[in-house]
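The values are calculated or read from the model by the stated rules, or taken from the named source; none is laboratory data. This structure is a prediction, so every number in the text was calculated from the model and none was measured. In this analysis, Cβ positions are derived from the backbone assuming ideal geometry, glycine residues included, and neighbour counts consider all displayed protein chains. Side chains are part of the model used for accessible areas, which takes the heavy atoms of the whole protein and leaves out ligands, DNA and RNA. Shrake-Rupley method; radii C 1.70, N 1.55, O 1.52, S 1.80 Å.
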Amino acid sequence: MSFKKKYTITNKYLTSGTKRRSGIKMPQVSFIVAHDTGNDGSTALQNIAYYENSNNDMNASAHLFVDDTGIYECIPLLTGTPEKAWHVLYEKPLDNQRFGDDANDVAAGVELCYSCNRGNIHNEEAYNRYVWLLSYICYKFGLDPTKIVGHHILDPERKTDPQNALLKTGKSYYQLLQDVVKEYYECLSKEEDILKLMDWEIHLAHQAIENLSKKGLIKEPVDWKRKVSENPQEILDDIPWMFFVMLDRLSEKD
């Protein structure tokens, strides 16, 4: 399948062999951690410049920064062989519990830049690029949107990102996940999308059917599963709806 390249990803690599960029390769990319900078008005390039100017100060970094003007990669993920970035504390257990590994070893770290009081970043445009980037990473590494997790979920005692930035656009965390699913489908080649659904899409549809059935929202889940597996073309338009309903129901718990 092909994916619509709505935006350019520009590499602005940090110096390798430093604390911020070790150069250690990732064994695989298994999930994505959604961050925001927590720094009102600081642009993507300004954040990367700060990282470079302090590249041996600490083991703290991310793969990509997004603002309203561009998407910039400072540690290779999409524009080179993926390397580890240091964006979640190793001693935090929730990444291992949810995904079976440490975020620093197998997760992409994506930072959203935003404006609050300074007003020099167009938050809605930055958000649109962020949504596209998250969906593109899913496509690139064969991940489904359940493999996106906010930093605030992995480190709830200390972190609130990416909700700091999302609030500036009037979005919730679960709205972000819904928007990523929608963007993913809109950016896929329609012809190829109709011809073949990826395994993860069918698997997620089955999961959504089970969840909706347990909540009494659909009947005859076995028949729905069979339709998805045997006739994906006929059911294609319903799959995003299943995701949206499932995520809406999950959001009601928070």
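Residues of the stretch 132-151 that are closer than 19 Å to Asp95 by Cα and either at pLDDT 95 or above or of a type in the set (A, V, I, L, M, F, W, C) (or both): Leu134, Ile137, Cys138, Phe141, Leu143, Ile148, Val149, Gly150, His151. Those residues that are part of a strand (DSSP E or B) and over 15 Å from Val29 (Cα atoms), I need them from the stretch 124-166; list them, please. Across the stretch 124-166, the qualifying residue is only Gly150.
If I filter the stretch 194-224 down to residues being of a type in the set (S, T, N, Q) and more than 23 Å from Ser30 (Cα to Cα), which single residue comes out as modelled with the highest pLDDT? Before you say what the answer is, go through the steps one by one.
Residues of the stretch 194-224 that are of a type in the set (S, T, N, Q), as a first pass: 207, 211, 213.
Adding the requirement that they be more than 23 Å from Ser30 (Cα to Cα) leaves 211, 213.
Details: Asn211: 78, Ser213: 81.
Out of the qualifying residues, it is Ser213.
Among residues of the stretch 82-107 that are closer than 19 Å to Ser22 by Cβ and hydroxyl-bearing (Ser, Thr, Tyr), those with a beta-carbon under 8 Å from a residue that is modelled with pLDDT of 95 or more and assigned to a loop (DSSP other than H, G, I, E, B) at least six positions away or on a different chain give the pairs Tyr90/Asp102. With respect to Leu134, determine if the residue is buried (at least 19 other Cβ atoms within 10 Å of the Cβ), touching a residue at least 12 places away in the same chain (Cβ under 8 Å) and under 17 Å from Phe65 (Cα atoms). Yes. Whenever a residue of the stretch 208-228 is within 17 Å of Pro145 (Cβ to Cβ), its partners that are open to solvent by less than 60 Å² (accessible area, probe 1.4 Å) and part of a loop (DSSP other than H, G, I, E, B), lying with C-beta atoms within less than 7 angstrom and at least six residues away or across chains, give the pairs Ile209/Ile218; Leu212/Ile218.
Looking across Ala44, Ala34, Ala103, one residue alone is modelled with pLDDT of 95 or more, of a type in the set (A, V, I, L, M, F, W, C) and more than 20 Å from Leu154 (Cα to Cα). It is Ala44. Taken over the stretch 4-25, the criterion of being open to solvent by 20 Å² or more (accessible area, probe 1.4 Å) and among the hydrophobic types (A, V, I, L, M, F, W, C) is satisfied by Ile9, Ile24. Number of residues in the stretch 30-46 that are closer than 21 Å to Ile137 by Cα and under 19 Å from the mean Cα position of the chain (by Cα) equals 9.
On the basis of being under 21 Å from the mean Cα position of the chain (by Cα) and either open to solvent by 20 Å² or more (accessible area, probe 1.4 Å) or not polar (S, T, N, Q) (or both), does Ala49 make the cut?
So Ala49 fails the test.
Considering the stretch 170-193, and only residues there that are polar (S, T, N, Q) and either modelled with pLDDT of 95 or more or surrounded by fewer than 19 Cβ atoms within 10 Å (Cβ to Cβ) (or both), the residue that is nearest to the chain's Cα centre (by Cα) turns out to be Gln175. Taking the listed residues Arg129, Arg158, the one that is of a type in the set (Lys, Arg), under 15 Å from Asp36 (Cβ atoms), at pLDDT 95 or above and surrounded by fewer than 18 Cβ atoms within 10 Å (Cβ to Cβ) is Arg158, with no other qualifying.
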